[in-house]
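Here is the structure we will look at, set down as C-alpha coordinates.
The values are calculated or read from the model by the stated rules, or taken from the named source; none is laboratory data. Fair warning: this is a prediction, and the values are worked out from it, not measured in the lab. Calculation scope for accessible area: heavy atoms of the full protein, side chains included, ligands and nucleic acids excluded. Shrake-Rupley method; radii C 1.70, N 1.55, O 1.52, S 1.80 Å.
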Amino acid sequence: QVQLVESGGGLVQAGGSLRLSCAASGSRFIINAMGWYRQAPGKQRELVAIIITTGGSTNYADSVKGRFTISRDNAKNTVYLQMNSLKPEDTAVYYCNAQAPRVAYWGQGTQVTVSS
(Lines give C-alpha, C1' and ligand atoms only; values in the text may rest on other atoms or scores of the structure.)
Protein backbone atom coordinates (compact mmCIF):
# COMPACT_ATOMS: atom_id res chain seq x y z
CA GLN A 1 0.00 0.00 0.00
CA VAL A 2 1.27 3.43 -0.99
CA GLN A 3 0.22 6.67 0.66
CA LEU A 4 0.46 9.96 -1.20
CA VAL A 5 0.76 13.15 0.82
CA GLU A 6 0.21 16.45 -0.97
CA SER A 7 0.84 20.04 -0.01
CA GLY A 8 1.08 23.47 -1.57
CA GLY A 9 -2.42 24.22 -2.78
CA GLY A 10 -4.09 27.50 -2.02
CA LEU A 11 -5.57 30.74 -3.29
CA VAL A 12 -3.56 33.06 -5.53
CA GLN A 13 -4.19 35.95 -7.87
CA ALA A 14 -3.80 35.61 -11.61
CA GLY A 15 -0.14 35.80 -12.54
CA GLY A 16 0.98 34.33 -9.25
CA SER A 17 2.77 31.10 -8.48
CA LEU A 18 2.29 27.98 -6.41
CA ARG A 19 4.44 24.92 -5.83
CA LEU A 20 2.73 21.60 -5.21
CA SER A 21 4.49 18.62 -3.71
CA CYS A 22 3.52 14.98 -3.32
CA ALA A 23 5.45 12.31 -1.46
CA ALA A 24 4.83 8.59 -1.85
CA SER A 25 5.44 6.45 1.21
CA GLY A 26 4.91 2.87 2.26
CA SER A 27 6.78 -0.41 2.32
CA ARG A 28 8.12 -2.51 -0.51
CA PHE A 29 6.93 -0.49 -3.46
CA ILE A 30 8.29 0.61 -6.80
CA ILE A 31 7.06 3.73 -8.54
CA ASN A 32 7.49 3.87 -12.30
CA ALA A 33 6.12 7.36 -12.80
CA MET A 34 4.46 10.18 -10.92
CA GLY A 35 2.28 12.95 -12.18
CA TRP A 36 -0.42 15.49 -11.60
CA TYR A 37 -4.01 15.51 -12.78
CA ARG A 38 -6.63 18.17 -12.24
CA GLN A 39 -10.39 18.38 -12.29
CA ALA A 40 -12.34 21.61 -12.53
CA PRO A 41 -16.05 21.85 -11.67
CA GLY A 42 -18.12 20.33 -14.45
CA LYS A 43 -15.02 19.05 -16.24
CA GLN A 44 -13.44 15.63 -16.52
CA ARG A 45 -10.13 14.88 -14.89
CA GLU A 46 -7.18 15.65 -17.15
CA LEU A 47 -3.48 14.96 -17.11
CA VAL A 48 -1.40 18.03 -16.30
CA ALA A 49 2.13 16.63 -16.23
CA ILE A 50 3.96 13.36 -15.73
CA ILE A 51 7.56 12.40 -15.07
CA ILE A 52 9.16 8.98 -15.42
CA THR A 53 11.18 7.78 -12.44
CA THR A 54 14.00 6.35 -14.51
CA GLY A 55 15.41 8.88 -16.92
CA GLY A 56 13.18 11.79 -15.99
CA SER A 57 11.22 12.07 -19.23
CA THR A 58 8.33 14.50 -18.90
CA ASN A 59 5.11 15.32 -20.67
CA TYR A 60 2.76 18.27 -20.24
CA ALA A 61 -0.71 19.27 -21.24
CA ASP A 62 -0.59 21.90 -23.96
CA SER A 63 -2.46 24.33 -21.72
CA VAL A 64 0.35 24.45 -19.16
CA LYS A 65 3.46 24.18 -21.32
CA GLY A 66 5.88 26.98 -20.60
CA ARG A 67 4.20 27.81 -17.30
CA PHE A 68 4.35 24.60 -15.24
CA THR A 69 7.39 22.49 -14.47
CA ILE A 70 7.31 18.99 -13.01
CA SER A 71 10.33 17.62 -11.17
CA ARG A 72 11.10 14.77 -8.83
CA ASP A 73 13.36 13.54 -6.06
CA ASN A 74 13.60 9.82 -6.65
CA ALA A 75 15.31 9.16 -3.31
CA LYS A 76 12.22 10.53 -1.56
CA ASN A 77 9.66 9.32 -4.12
CA THR A 78 8.48 12.91 -4.25
CA VAL A 79 7.16 14.88 -7.19
CA TYR A 80 6.78 18.64 -7.45
CA LEU A 81 4.76 20.90 -9.69
CA GLN A 82 5.96 24.48 -9.99
CA MET A 83 3.10 26.55 -11.35
CA ASN A 84 3.89 30.03 -12.65
CA SER A 85 1.82 32.65 -14.44
CA LEU A 86 -1.33 31.10 -13.07
CA LYS A 87 -4.61 31.80 -14.81
CA PRO A 88 -8.18 31.55 -13.54
CA GLU A 89 -8.65 28.58 -15.88
CA ASP A 90 -6.07 26.70 -13.80
CA THR A 91 -8.54 26.62 -10.91
CA ALA A 92 -9.18 22.97 -10.09
CA VAL A 93 -8.57 20.21 -7.62
CA TYR A 94 -5.12 18.84 -8.33
CA TYR A 95 -4.48 15.15 -7.75
CA CYS A 96 -1.13 13.46 -7.36
CA ASN A 97 -0.75 10.11 -9.13
CA ALA A 98 1.84 7.38 -8.69
CA GLN A 99 2.09 4.49 -11.13
CA ALA A 100 3.30 1.21 -9.68
CA PRO A 101 3.84 -1.95 -11.75
CA ARG A 102 0.33 -3.31 -11.18
CA VAL A 103 -1.65 -0.51 -9.58
CA ALA A 104 -2.04 3.25 -9.61
CA TYR A 105 -2.29 5.34 -6.45
CA TRP A 106 -3.96 8.69 -5.97
CA GLY A 107 -3.60 11.51 -3.51
CA GLN A 108 -6.53 13.12 -1.75
CA GLY A 109 -6.48 16.18 -3.97
CA THR A 110 -5.50 19.75 -3.18
CA GLN A 111 -7.50 22.81 -4.18
CA VAL A 112 -5.88 25.45 -6.35
CA THR A 113 -7.91 28.61 -6.84
CA VAL A 114 -6.76 31.45 -9.07
CA SER A 115 -8.68 34.70 -8.78
CA SER A 116 -9.06 37.26 -11.56
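Quick one: Karplus J couplings for region 16-25, per residue in order, coefficients 6.51, -1.76, 1.60, θ = phi - 60°, nearest Hz, x for Gly and Pro?
Result, ordered by residue: x, 9, 9, 10, 8, 9, 8, 10, 9, 9 Hz.
Report in % the part of the accessible area of region 14-116 that belongs to carbon and sulfur, leaving out ligands and nucleic acids; probe 1.4 Å.
Solvent-exposed carbon and sulfur of region 14-116 make up 46 percent of the total.
Order 87, 65 by their accessible area, 1.4 angstrom probe, all chains in place, largest first.
65, 87
Lysines within cross-link reach of residue 43: Cα-Cα under 27 Å, excluding same-chain residues under 8 positions apart?
Within the straight-line limit of under 27 Å, residue 43 reaches these lysines: 65, 87.
Please report the accessible area of residue 69 (heavy atoms, 1.4 Å probe, ligands and nucleic acids excluded) in Å², nearest 10.
The value for residue 69 is about 80 Å².
Enumerate the amide H contacts of residue 53 below 5 Å, restricted to partners 5 or more residues apart or on another chain; note that Pro and chain-start residues carry no placed amide H.
Those qualifying (amide H under 5 Å, at least 5 residues apart or on another chain) are 33, 34.
Which ³J(HN,Hα) values, rounded to whole Hz and listed in residue order, are derived for region 105-113 from phi using the Karplus coefficients 6.51, -1.76 and 1.60 in 6.51 cos²θ - 1.76 cosθ + 1.60 with θ = phi - 60°, glycine and proline given as x?
My calculation for region 105-113 gives 10, 10, x, 7, x, 10, 7, 10, 10 Hz in order.
Bin width 5 Å, alpha-carbon pairs only: give the P(r) of the chain as whole percents, running from 0 to the bin holding the largest distance.
2, 12, 24, 25, 19, 10, 5, 2, 0
Given H placed on each backbone N at 1.01 Å, which residues far from residue 87 in sequence or on other chains put an amide H within less than 5 Å of it?
Here 15 satisfy the definition.
Top to bottom by accessible area (1.4 Å), largest first, where do 90, 62, 73 land?
62, 73, 90
Kindly sort 46, 89, 6 by accessible area of their heavy atoms, largest first, with the probe set to 1.4 Å.
The most accessible residue leads, giving 89, 46, 6.
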